[in-house]
Amino acid sequence: MNVKQTLKSFLRPVYYRLPASICYGPLFSPTLKLLEESQHWSEDRLIDYQLSKLRTILRHCAAHVPYYRSLFKTVGFDPAKVRSTSDLKALPLLDKDTIRDRLPEFLAENIGSRRMLYFTTGGTMGKPLGLYNVRHAGGRERAFNYVQWERAGFKQGDRRAMLRGWAVKNPQHWTYDASERAFVFSNFHMTRDNVANYARVMKAKALPFLHSYPSAVIDFARHLQDVGMEPPRFRAILAASENLYPGQREFIESFFGARLFSWYGHTETAILAAECETSNYYHIFPEYGVAEVIKEDGSTAEREGEAGELVGTSLDNFAMPLIRYRTDDWAVVGPEKCACGRNYKLLKDTKGRWRQELLVGRLDNLISNTALNMHGDCFDNVHQLQFYQREKGKVELRIKRKPAYSEQDSKRIVAALNEKMGDTMEISLSFHDEIPLTPRGKFRFVIRELELPRSVKEGSHVETLPR
Ligand SMILES: [Zn+2]
């Protein structure tokens, strides 16, 4: 460590004791103030606000971003003529491969590299995607997080337990992080002893919130069940960044006796949508981006219950604007209004990276696990499970067993899956002491090392298992 680094690590805890308005950068406080007000705005006012931001970023694209400058010219698109977000439909959808192949063309020429941040997303089929955002974007993101957590009772200054992708390497595997104002517990080290100790610390510190991934909360809960320990009492559990599968919410809420509060977001910062005090609908922030749900036939899903891919346009990333960016995520359109009174558009359900989680049947049929209920009684003696597919028509179910697991459980699981997957999939079981997490600490429910059949890659129908 050089002198500068030593000084930094020494000063860090002191620095983060400063008010949030200072230590989270210049965008934090203005964004929080705006959002606390704008959530009460009328629908017309929100539309006007979103449109004015959209025009600004589109004009910026035309003037300073080579990819869009040439695209707008080719298709004859004029940002000044945009009258509604549906005018975006004149532009093609943008996929990850195009960004990966032509990255420099997406960077704004008038923003120097010192004013940009580089980061990567998980990407598809093991290919991460590199992206840029403006400096201080993190402060804005934090303000959005805070305003959505306020709906679950969070107040600035509240400390929380974090159990999400940080491998704390000291002997007890937890630490206090001053910048997050949170006690961070490692979900890479979830042994029974560690988990029991985590729970004791959370109780002793009376931490009001658990901020986690759904898979990590469940892993934590199952270990506590195994050791017969009462869970810490949280005001709410804040869980996102992974899919929430059927049955998981119910299990988490009943085990902890607390509300699970979820939201949809991604590192690309094009769409953000969160639940509210009164419902589990995802309320899309119009202050953050323009979200579209695009059906398989290319048209826009608008009516309640219609589903499609989430396509987002970021309104704040002037370093690397993403216009009509295909997220590879999937959503179902929600009802017109929520009882909370906010005039935000609603989604009923979202599912991340859904194409990666499709299984390929013997007849090239695609099987979505959307409706597989992982908490039916046949899974009572299963700690964790993961679908692994390398060959079409065959899937291996990897199981981490609980002590009470027996041959009888295997029979019931195979019978239940056979009933749901039909005769196009051969199921085998394998048993594991550990099912590894991704480097980011997430749990993958499906690993498919097999390309989707060419004929069904784009569009085409997908069998959704009956609920
Ligand atoms: Zn609401």
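The values are calculated or read from the model by the stated rules, or taken from the named source; none is laboratory data. Owing to the predicted nature of the structure, the values given are computational and were not obtained by experimental measurement. Cβ coordinates were reconstructed from backbone atoms using ideal geometry, including for glycine residues, and neighbour counts include every protein chain displayed. The accessibility values were calculated without ligands, DNA or RNA, using every heavy atom of the protein model including side chains. Shrake-Rupley method; radii C 1.70, N 1.55, O 1.52, S 1.80 Å.
Structure notes:
- Computed Kirkwood radius, in angstrom, where 1/r is averaged over Cα pairs of region 216-371: 17.1
- Using θ = phi - 60° and Karplus 6.51 cos²θ - 1.76 cosθ + 1.60, couplings along region 230-235 (whole Hz; Gly, Pro as x): 5, x, x, 8, 9, 6
- The calculated pair-distance distribution of the chain uses every alpha carbon pair, bins of 20 angstrom beginning at 0, and gives 22, 56, 22, 0 percent.
- Cut-off 14 Å between beta-carbons: net charge of the residues surrounding VAL75, Lys and Arg +1, Asp and Glu -1: +3
- If the Kirkwood radius is taken over C-alpha pairs of region 6-105, then at 37 °C and 0.692 mPa s the Stokes-Einstein diffusion coefficient equals 191 µm²/s.
- Rg to Rh, two decimals, where region 384-448 supplies the alpha carbon set and Rh follows Kirkwood: 0.98
- In region 218-282, trypsin sites (Lys or Arg not before Pro) in a DSSP loop with at most 14 other beta-carbon atoms within 10 Å: ARG233
- Area accessible to solvent at ASP377, 1.4 Å probe radius, in Å²: 100
- Heavy-atom surface of region 51-197, accessible at 1.4 Å and reported per residue (Å²): 47
- Stokes-Einstein D (µm²/s) once Rh is taken as the Kirkwood radius of region 140-235 over alpha-carbon pairs, at 25 °C in 0.890 mPa s: 179
- Heavy-atom surface analysis with a 1.4 Å probe gives the chain a carbon and sulfur content of 51 percent of its accessible area.
- Couplings 3J(HN,Hα) of region 408-418, computed from phi: 4, 4, 4, 4, 5, 5, 4, 4, 5, 6, 4 Hz, in residue order, whole Hz [Karplus 6.51 cos²θ - 1.76 cosθ + 1.60, θ = phi - 60°; x for Gly and Pro].
- Hull-based mean projected area of region 96-171, where the convex hull spans the alpha carbons, in square nanometres: 8.5
- Those lysines that a straight Cα-Cα span of less than 22 Å connects to LYS442, excepting residues fewer than 8 apart in one chain: LYS96, LYS127, LYS169, LYS351, LYS400, LYS402
- Each residue of region 328-338 is assigned a 3J(HN,Hα), and the resulting list reads 6, 9, 10, 8, 10, 5, x, x, 4, 9, 10 Hz, derived from the Karplus form 6.51 cos²θ - 1.76 cosθ + 1.60 (θ = phi - 60°), x at Gly and Pro.
- Calculated [θ] (222 nm, deg cm²/dmol) that DSSP helices of n ≥ 4 give over the chain, each run adding -39,500 (n - 2.57): -8500 deg cm²/dmol
- Neighbour net charge for PHE183 - beta-carbon separation under 11 angstrom, K R +1, D E -1: +2
- Each other residue within a Cβ distance under 11 Å of TYR16 adds +1 if Lys or Arg and -1 if Asp or Glu, for a net charge of +1.
- Taking amide hydrogens as placed 1.01 Å from N in the peptide plane, the amide H of LYS402 sits under 5 Å from those of VAL382, HIS383, each at least 5 positions away in sequence or on another chain.
- To the nearest 10, the accessible area of ASP87 is 50 Å² with a 1.4 Å probe.
- Per-residue SASA remark: ASP101, around 120 Å² accessible (1.4 Å probe; ligands, DNA and RNA not included).
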